[in-house]
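My questions all concern the structure below.
The values are calculated or read from the model by the stated rules, or taken from the named source; none is laboratory data. This one's a predicted model, so the numbers in the text were calculated from it and none came from an experiment. Cβ atoms come from the backbone with ideal geometry, glycine included; neighbour counts cover every protein chain shown. When the accessible area is computed, the model is the full protein with side chains, heavy atoms only, and any ligands, DNA or RNA have been set aside. Shrake-Rupley method; radii C 1.70, N 1.55, O 1.52, S 1.80 Å.
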Amino acid sequence: MTPMKDRARLPGWDTLDDLSTGDADGPPVATTRTEPVTAPGTFGLRIFNVSEVARAIREAVRSDPRLGDVWVEGEVGRVTVSSAGHAYFTLKDARSALACVWFSDDRARSVFQPQAGLRIVVHGRIDLFEQQGAVQLYVESIQPAGFGDLAIKFEALKARLSTEGLFDPARKRPLPTRPTTIAVITSPTGVVWRDVATVLSRRWPLTQVILVACKVQGEDAPESIVAAFRRLERWLGAAKTREDPLDLPQLTILARGGGSLEDLWSFNDERVVRAVVGHILPVVCGVGHEVDVTLADFAADVRAATPSAAAELVVPDRADWLAAFRRAGERTAAAVGRTLDGARRELAAERRALDRLDPRAQLAADRERVGLLLDRAVRVADAGLERRRAALRSTAADVPRPLIQRLASARSTLEATASALAVLGPQATLDRGYAIIRRAADGTIVRTPIDAPPGTALTVRVAGGELAAETR
């Protein structure tokens with residue numbers, strides 16, 4: 001049997017032993033076997049699984065000595081750095097692109113890092129990443145080989161515009177702290193617009209957002225971006241002329257997502273740069289990712305790493321403001337509390353002073369003091385009389401009888417006088433069941449019913465103390 005060259009047909013199961021290469025560039029061919037090696041009833045066609053094919057490709061790549069140690073020159077495409085520190089990028093020329101992997105250990109030892117648009121020389125090896133079936137260049141070292149065409153054009157335009165003062169930090173304008181309205185120039189169909197609107201709504205819901213639609217990629221993107229700036233400026237001028245009551249934008253955000261140097265080239269266009277510089281509002285440029293830099297970033301008043309970061313820069317965080325208000329409220333409440341406590345203490349001191357100066361309180365105190373003095377006087381008089389009696393008794397034993405009789409007579413007179421005095425004393429009167437009635441208001445002794453009309457509060461002093469009463 002002759003070899004089959006037709007790719008559209010599979011060889012017969014009983015005639016195929018294995019896939020052979022035939023010629024170097026031709027398709028696999030079937031060869032005839034006179035004695036089949038497979039068991040009766042089995043197919044002769046061998047079907048590879050994916051892992052076997054991947055291993056075959058890997059072995060073929062590793063067996064080629066030219067791919068085990070290669071030096072490759074090309075222009076760097078987009079660079080991505082993983083959280084583990086590994087760098088992933090592409091090397092490209094006019095016709096092809098090659099995926100590259102640079103592990104963090106080798107990358108940490110290098111003083112040079114790849115950037116989009118640079119032309120570099122890479123040393124490493126070619127191998128197959130079996131899990132994805134991708135042929136990659138595993139980088140061991142990198143050195144610069146010069147700039148790519150776009151990078152050279154970028155640097156030349158940057159130098160020329162810089163000499164004109166377009167990137168001078170002195171012309172940068174400050175941003176308003178709490179803008180009521182913000183204009184956003186971006187594509188209405190991309191995720192950037194939704195991200196910016198979401199961040200602004202979450203951080204500061206009081207801010208209104210106006211979308212100025214434009215193209216952000218392609219040959220006509222620069223003209224569309226410039227037209228968006230001009231359209232916004234015309235609308236602002238017309239609104240100011242007619243004294244529009246609506247809040248006008250206080251700043252403008254120019255935003256676009258990440259991409260390669262070619263994708264972001266619209267923001268390196270000179271027309272866009274001059275539109276950013278000449279815009280009547282402060283401009284915040286949030287184009288690309290952190291590693292992406294455009295001339296619009298240099299021209300803008302503020303450069304943000306990403307569109308979402310631009311939205312975070314232009315408005316405050318309501319959570320921070322709420323926390324600040326809460327702290328201010330707590331400080332105010334504490335200060336008011338301290339002031340009120342001081343006022344309460346002063347008021348209590350004034351109340352105590354007024355209570356001490358109240359005539360009723362003074363009268364009550366005087367009345368109590370007079371009663372105490374009267375009781376003390378009676379006790380002192382009794383004690384004095386008792387001392388005199390004792391002295392007389394001791395003297396009586398030493399004097400003659402007539403004198404004793406005179407003394408006895410004098411003692412009898414004295415005792416009678418003391419008894420009369422005791423009978424006439426207020427306490428004796430009270431002990432006999434009498435009482436002293438005074439008006440509670442002024443302490444005046446009530447002698448007639450006229451002195452105490454019905455409803456008058458009274459204090460009744462008896463032998464054992466005072467009672468409260470009221471006339472009816």
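Filter the stretch 369-411 down to the residues that are modelled with pLDDT of 75 or more, over 30 Å from THR444 (Cα atoms) and small (Gly, Ala, Ser) and list them by number.
ALA383, GLY384, ALA390, ALA391, SER394, ALA408, SER409, ALA410
Which ones in the stretch 333-380 are over 58 Å from the mean Cα position of the chain (by Cα) and of a type in the set (S, T, N, Q)?
Hit for the stretch 333-380 is GLN362, nothing else.
Okay, next question. Look at ALA151 and say whether it is modelled with pLDDT under 90, part of a helix (DSSP H, G or I) and open to solvent by less than 40 Å² (accessible area, probe 1.4 Å).
yes
Then there is this: Would you check if LEU206 is of a type in the set (A, V, I, L, M, F, W, C) and under 19 Å from ALA275 (Cβ atoms)?
no
Let me ask something else about it. Would you mind stating whether ARG202 is modelled with pLDDT of 90 or more, among the charged types (D, E, K, R) and either under 30 Å from ASN49 (Cα atoms) or exposed (fewer than 14 other Cβ atoms within 10 Å of the Cβ) (or both)?
Considered against the rule, which asks whether it is modelled with pLDDT of 90 or more, among the charged types (D, E, K, R) and either under 30 Å from ASN49 (Cα atoms) or exposed (fewer than 14 other Cβ atoms within 10 Å of the Cβ) (or both), ARG202 comes out as no.
Spot the failing condition for LEU137; the list is (1) open to solvent by 40 Å² or more (accessible area, probe 1.4 Å); (2) at pLDDT 90 or above; (3) out of contact with any helix residue (DSSP H, G or I) (no Cβ under 6 Å at 6 or more places or on another chain), and only one is missed.
(1)
What about GLN427, is it in contact (Cβ under 8 Å) with a residue 24 or more places away in the chain, assigned to a helix (DSSP H, G or I) and polar (S, T, N, Q)?
yes
Determine if the stretch 101-110 includes at least one residue that is touching an Asp or Glu at 6+ places or on another chain (Cβ under 7 Å) and either open to solvent by less than 50 Å² (accessible area, probe 1.4 Å) or free of Cβ contacts under 8 Å to residues at least 60 places away in the same chain (or both).
Within the stretch 101-110 (the criterion being touching an Asp or Glu at 6+ places or on another chain (Cβ under 7 Å) and either open to solvent by less than 50 Å² (accessible area, probe 1.4 Å) or free of Cβ contacts under 8 Å to residues at least 60 places away in the same chain (or both)), the answer is yes, since at least one residue qualifies.
Name the single residue that is farthest from the chain's Cα centre (by Cα) among those in the stretch 49-78 being acidic (Asp, Glu) and over 19 Å from LEU118 (Cα atoms).
Only one residue tops the list, namely ASP64.
Being at pLDDT below 95 and under 14 Å from ALA311 (Cα atoms) narrows it down to one of GLN208, GLN217, so name that one.
Step by step, each of GLN208, GLN217 is checked, and only GLN208 is at pLDDT below 95 and under 14 Å from ALA311 (Cα atoms).
Looking at (1) closer than 23 Å to LEU166 by Cβ; (2) open to solvent by 40 Å² or more (accessible area, probe 1.4 Å), find the lone condition where VAL226 falls short.
(2)
Kindly establish whether ASP366 is outside any loop (DSSP other than H, G, I, E, B), open to solvent by 80 Å² or more (accessible area, probe 1.4 Å), farther than 30 Å from PRO188 by Cβ and modelled with pLDDT under 95.
No; evaluated as a whole, the condition is false for this residue.
Could you check the stretch 267-298 and list, in sequence order, the residues that are part of a helix (DSSP H, G or I), open to solvent by less than 40 Å² (accessible area, probe 1.4 Å) and either farther than 19 Å from GLN250 by Cβ or modelled with pLDDT under 95 (or both)?
Correct list: PHE267, ASN268, VAL272, VAL273, LEU295, ALA296, ASP297.
Now for a separate question. Please specify each residue of the stretch 213-223 satisfying the condition of being open to solvent by less than 40 Å² (accessible area, probe 1.4 Å) and more than 14 Å from THR189 (Cβ to Cβ).
PRO222
Could you please find all residues in the stretch 449-466 being over 26 Å from ALA381 (Cβ atoms), modelled with pLDDT under 85 and not in a helix (DSSP H, G or I)?
Correct list: ALA452, GLY455.
Scan the stretch 344-358 and give yes if some residue there is closer than 29 Å to LEU421 by Cβ, out of contact with any helix residue (DSSP H, G or I) (no Cβ under 7 Å at 6 or more places or on another chain) and either open to solvent by 90 Å² or more (accessible area, probe 1.4 Å) or not in a helix (DSSP H, G or I) (or both), otherwise no.
no
Here's another thing I want to ask about it. Among the residues of the stretch 155-167 satisfying the criterion of being modelled with pLDDT of 85 or more, touching a Phe, Trp or Tyr at 6+ places or on another chain (Cβ under 9 Å) and not aliphatic (A, V, I, L, M), which is least open to solvent (accessible area, probe 1.4 Å)?
The selected residue is PHE167.
If you take the residues of the stretch 442-469 that are surrounded by 12 or more Cβ atoms within 10 Å (Cβ to Cβ) and of a type in the set (Gly, Ala, Ser), which of them is nearest to LEU372 (Cα to Cα)?
ALA463
Within the stretch 311-326, does at least one residue satisfy the condition of being of a type in the set (Gly, Ala, Ser), surrounded by 16 or more Cβ atoms within 10 Å (Cβ to Cβ) and within 29 Å of LYS153 (Cα to Cα)?
Taking every residue of the stretch 311-326 in turn, none turns out to be of a type in the set (Gly, Ala, Ser), surrounded by 16 or more Cβ atoms within 10 Å (Cβ to Cβ) and within 29 Å of LYS153 (Cα to Cα).
Let me ask another. What do you reckon, is ALA145 part of a strand (DSSP E or B) and touching a residue at least 60 places away in the same chain (Cβ under 8 Å)?
So ALA145 fits the description; yes.
Condition (residue is open to solvent by less than 70 Å² (accessible area, probe 1.4 Å), modelled with pLDDT of 90 or more and over 24 Å from GLY259 (Cβ atoms)) applied to the stretch 73-83: is it met by at least one residue?
No, the stretch 73-83 contains no residue that is open to solvent by less than 70 Å² (accessible area, probe 1.4 Å), modelled with pLDDT of 90 or more and over 24 Å from GLY259 (Cβ atoms).
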